[in-house]
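A.B. asks: To start, I am sharing the structure in question, which I have written as structure tokens.
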Amino acid sequence: MKTSLKLMLAGTAMGLTAGSMASAETLRLLTWGSYAPDELIQKFEEEYPDIDVEVTFSNNEEMIAKLRATGGSGYDLAQPSHDRIYAAQLEYDIYKPLDLSQINTDAMSANLLDGVKANTTIDGEVYAVPHQWGTSGIMANIKEAPDASGWADLCDPAYQGKTSMRLRRTILLGTAFGMGMNPFELYADKDAYQDMLDKVTAKLIECKSNIKTYWSGGDDLSGLMLSGEVVLSETWDSTAYKLYNENPDIVFVPPETGALAWIDTFAIPKGGEADDAAYKWINFVLRPENVTIMSASTGAIAAVPNGIELLPDDKRSAVQAAFDQSDLDNLKFFANIPPGLEDMEGLALERIKAATE
Amino acid sequence: MRSDTGKLSLILLMTPFALWIVLLIILPQAGIGYVSLQEKVGPRQYEFGFKNYMDFLGEPIYWNTLLRTAWMSILVTILALLIGFPVAYYIAKIAKKQSRAGLFLLCLIPLWVSDLVRAFGWIVLLRETGIISGALQWLGIIGEPVELLYNDMTVIIGLVYTVVLFMIVPLVSTLDGMDDALLEAGYNLGGSRFTVFRRIIVPYAMPGIVSGCIITFMLTAGSYLTPILLGGKNSSWFTEQIYNQFITRYNWEAGATFGVLLLLFTSFVVWAGLRLTGQSLATTVAKE
């Protein structure tokens with residue numbers, strides 16, 4: 001009885017390994033919605049017929065939570081933002097160092113590559129390289145809100161009941177900039193940061209009566225803007241560009257204090273099982289002809305030297321309508337979040353949500 | 001020999017159930033309970049202690065949200081009972097035998113659509129540029145668009161709609177078993193409609209009422225999608241805070257603590273409800 005059971009188990013195990021060896025290698029991507037357009041996946045699978053691509057859509061917070069839950073396994077390539085890697089790696093050890101010799105780093109724009117490297121180097125090992133970048137700022141319907149120019153306008157009584165924001169850390173930082181503070185400079189000093197958070201919390205609670213609702217995702221926000229229920233909102237630039245195509249009155253406005261810039265990266269989870277395929281994907285999507293396909297889907301700008309020129313026509317005109325050179329020079333790149341900061345911000349956000357006007 | 005077979009079949013029958021309970025209910029709960037007792041002292045360093053529970057008590061936002069969630073869930077349960085009872089009574093007692101199955105099916109149909117889609121249905125109806133606002137303007141009842149979404153009332157409507165079926169089903173099955181002769185006897189003895197309702201129908205239906213209330217209360221207090229999608233800028237829900245702790249604050253220890261507290265608190269509310277109405281779980285679940 002016992003031996004036959006063992007035999008059966010052994011047989012099953014052999015069958016399983018044989019099965020997986022015979023089948024193609026799988027590349028499991030953990031990335032943002034629209035960061036893996038079908039067109040590109042098809043093209044990739046044609047070029048590398050032995051690799052299957054599986055995609056899971058997520059966001060920064062969920063990516064880290066998922067990888068933390070499994071100790072970094074279950075996915076072969078993840079795309080968190082550049083400021084979310086250092087602390088997550090220190091705390092949860094979920095990524096493995098990259099082998100830069102496998103990556104065509106010459107294709108990447110040098111300043112973004114150096115910025116990401118500086119942000120994600122631990123003990124001399126680099127954990128991420130840049131993929132695409134974009135900004136957060138405000139989006140205005142210029143017919144209704146022609147003068148909107150900064151974060152503080154979201155709380156302007158002139159737009160009573162017609163503004164919106166997402167209750168996440170971006171609005172805390174933006175509001176701080178709008179109030180004349182620089183949160184990135186306070187990152188190292190927790191007491192000063194808490195002091196800043198308290199001021200921002202008070203401001204956003206006071207602002208609550210001015211806003212219609214908090215949006216939670218791109219589709220949600222699109223509905224609010226396109227219906228005209230909201231005329232001014234905190235936004236990702238890519239969402240604004242998409243709406244610009246449907247209604248040219250809706251434009252992205254880089255706040256006068258500087259749009260907040262993020263870089264989404266490539267990082268390999270610790271338990272990744274298809275590193276070669278992951279490197280192939282990284283090099284593949286940064287090729288100029290593929291950059292345009294990717295940007296058409298994401299609305300974000302690739303981290304290659306001529307990223308803006310490689311945007312599809314409609315997106316390029318939206319970017320040019322929103323940014324001039326001085327706006328680009330004024331970008332505020334998100335600084336590395338030290339461990340523990342998100343917990344402080346989380347409490348601030350909950351206070352705002354729970355406050356009654 | 002025979003008792004051996006009996007034992008074997010009992011074991012075989014019980015195994016899936018026991019596995020289910022142990023692997024999917026008890027183990028995860030024990031894990032959550034364990035995590036909730038971890039205190040974070042530094043990156044990857046934890047100590048054993050009750051700090052997370054103290055933090056919960058020390059921050060009014062948290063227990064206010066828990067009380068608010070419980071209070072709104074009780075309200076939803078009462079509304080679901082008030083709406084569900086007449087429907088269940090009609091299906092079980094008044095409707096003709098042939099149409100009962102059809103009516104029951106009509107109640108079930110909304111369940112074929114996911115929670116998410118039903119919540120979006122409410123959004124389409126209630127938003128400022130939505131169907132109801134538009135219709136009221138067209139009829140000339142209101143002068144300008146009205147926002148019906150993003151407040152507590154909307155959340156309660158959405159939740160009642162989601163859970164009312166779980167009230168109707170146990171009520172129908174209980175009322176179905178009631179002999180019509182009981183009602184006739186009540187009337188023959190001079191009882192008014194109200195007396196018959198109060199002294200005969202309600203006591204008979206009590207097990208159904210209690211189990212329906214427990215199910216709807218637990219579902220409501222633990223729901224996530226409906227309060228998030230329909231709620232406005234002021235409507236916090238406790239499950240949302242659990243999500244925030246786990247996902248946006250990376251604070252699994254506090255999230256686990258909140259999970260344990262939600263379970264304990266809702267269990268306490270159910271227990272208190274049973275005590276107040278003089279029912280016990282045994283008479284509700286295993287009806288004689």
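The values are calculated or read from the model by the stated rules, or taken from the named source; none is laboratory data. As the structure is a prediction and not an experimental result, all values here were calculated from the model. Here the Cβ is made from the backbone with ideal geometry for all residues, glycine too, and neighbour counts use every protein chain on show.
A.B. asks: Which numbered condition in (1) away from chain A (no Cβ under 14 Å); (2) in contact with a helix residue (DSSP H, G or I) (Cβ under 7 Å, 6 or more places away or on another chain); (3) assigned to a loop (DSSP other than H, G, I, E, B) is the only one that B:Leu159 fails?
C.D. replies: It fails just one condition, (3).
A.B. asks: Counting only residues that are touching a strand residue (DSSP E or B) at 6+ places or on another chain (Cβ under 6 Å) and assigned to a loop (DSSP other than H, G, I, E, B), which one in the stretch B:224-254 is modelled with the highest pLDDT?
C.D. replies: Step by step, filter the stretch B:224-254, then rank; the result is B:Lys233.
A.B. asks: Could you please find all residues in the stretch A:222-243 being aliphatic (A, V, I, L, M) and within 12 Å of another protein chain (Cβ to nearest Cβ)?
C.D. replies: Across the stretch A:222-243, the qualifying residues are A:Leu224, A:Met225, A:Leu226, A:Val230.
A.B. asks: Okay, next question. Among the residues of the stretch B:166-182, write down those that are part of a helix (DSSP H, G or I) and either among the β-branched types (Val, Ile, Thr) or surrounded by fewer than 18 Cβ atoms within 10 Å (Cβ to Cβ) (or both).
C.D. replies: Scanning the stretch B:166-182 gives B:Ile168, B:Val169, B:Val172, B:Ser173, B:Thr174, B:Asp176, B:Asp180, B:Ala181, B:Leu182.
A.B. asks: Would you be able to say whether some residue in the stretch A:288-309 is closer than 24 Å to A:Leu221 by Cα and free of Cβ contacts under 8 Å to residues at least 40 places away in the same chain?
C.D. replies: no
A.B. asks: With A:Ala202, A:Ala188, A:Ala152, A:Ala192 as the choices, which residue is more than 10 Å from every other protein chain (Cβ to nearest Cβ) and over 17 Å from A:Glu345 (Cβ atoms)?
C.D. replies: It is A:Ala152.
A.B. asks: Can A:Asp219 be described as away from every other protein chain (no Cβ under 13 Å), without any contact (Cβ under 8 Å) to a residue 12 or more places away in the chain, closer than 24 Å to A:Gly346 by Cα and not in a loop (DSSP other than H, G, I, E, B)?
C.D. replies: Spelling it out, it is not the case that A:Asp219 is away from every other protein chain (no Cβ under 13 Å), without any contact (Cβ under 8 Å) to a residue 12 or more places away in the chain, closer than 24 Å to A:Gly346 by Cα and not in a loop (DSSP other than H, G, I, E, B).
A.B. asks: Which residue is nearest to B:Val164 (Cα to Cα), if the candidates are limited to the stretch B:100-121 and must be over 19 Å from the mean Cα position of the chain (by Cα) and among the aromatic types (Phe, Trp, Tyr)?
C.D. replies: The qualifying residue nearest to B:Val164 (Cα to Cα) is B:Phe104.
A.B. asks: Would you point out which residue out of A:Ala192, A:Ala158, A:Ala152, A:Ala188 is in a loop (DSSP other than H, G, I, E, B), over 20 Å from A:Lys353 (Cβ atoms) and of a type in the set (A, V, I, L, M)?
C.D. replies: A:Ala188
A.B. asks: Within the set of pairs 6+ apart or on separate chains, which have a first residue in the stretch A:331-357 that is more than 9 Å from chain B (Cβ to nearest Cβ), a second that is basic (Lys, Arg), and C-beta atoms under 7 Å apart?
C.D. replies: Note: pairs meeting the criteria are A:Ile337/A:Arg84.
A.B. asks: Which numbered condition in (1) exposed (fewer than 15 other Cβ atoms within 10 Å of the Cβ); (2) within 14 Å of chain A (Cβ to nearest Cβ) is the only one that B:Asn151 fails?
C.D. replies: Going through the list (1) exposed (fewer than 15 other Cβ atoms within 10 Å of the Cβ); (2) within 14 Å of chain A (Cβ to nearest Cβ), B:Asn151 breaks only (1).
A.B. asks: Which of (1) in contact (Cβ under 8 Å) with a residue 24 or more places away in the chain; (2) of a type in the set (Asp, Glu); (3) touching a helix residue (DSSP H, G or I) at 6+ places or on another chain (Cβ under 8 Å); (4) surrounded by fewer than 20 Cβ atoms within 10 Å (Cβ to Cβ) is the odd one out, the single condition A:Asp264 does not satisfy?
C.D. replies: It is condition (4) that A:Asp264 fails.
A.B. asks: Restricted to the stretch A:325-345, and to residues that are at pLDDT 90 or above and farther than 21 Å from A:Gly115 by Cβ, which residue is surrounded by the most Cβ atoms within 10 Å (Cβ to Cβ)?
C.D. replies: A:Glu345
A.B. asks: I'd like to verify a number: residues in the stretch A:37-72 that are away from chain B (no Cβ under 14 Å), in contact (Cβ under 8 Å) with a residue 40 or more places away in the chain and within 22 Å of A:Asp83 (Cα to Cα), how many?
C.D. replies: Residues meeting the conditions: 0.
A.B. asks: Any residue at all in the stretch B:276-284 that's more than 14 Å from every other protein chain (Cβ to nearest Cβ) and modelled with pLDDT of 85 or more?
C.D. replies: yes
A.B. asks: So is A:Ile282 closer than 30 Å to A:Glu46 by Cα and in contact with a Pro (Cβ under 6 Å, 6 or more places away or on another chain) or not?
C.D. replies: no
A.B. asks: From (1) in contact with a helix residue (DSSP H, G or I) (Cβ under 8 Å, 6 or more places away or on another chain); (2) modelled with pLDDT of 90 or more, pick out the condition that doesn't hold for B:Glu39.
C.D. replies: Of (1) in contact with a helix residue (DSSP H, G or I) (Cβ under 8 Å, 6 or more places away or on another chain); (2) modelled with pLDDT of 90 or more, only one is false for B:Glu39: (2).
A.B. asks: Hey, among A:Ile308, A:Ile293, A:Ile268, which residue is assigned to a helix (DSSP H, G or I) and of a type in the set (A, V, I, L, M, F, W, C)?
C.D. replies: Criteria check complete, one pass: A:Ile293.
A.B. asks: Do you know which of the residues in the stretch A:73-106 that are among the aliphatic types (A, V, I, L, M) and under 19 Å from A:Glu345 (Cβ atoms) is farthest from the other protein chains (Cβ to nearest Cβ)?
C.D. replies: It comes out as A:Ile85.
A.B. asks: State whether one or more residues within the stretch B:214-223 are more than 14 Å from chain A (Cβ to nearest Cβ) and within 13 Å of B:Phe85 (Cα to Cα).
C.D. replies: No, the stretch B:214-223 contains no residue that is more than 14 Å from chain A (Cβ to nearest Cβ) and within 13 Å of B:Phe85 (Cα to Cα).
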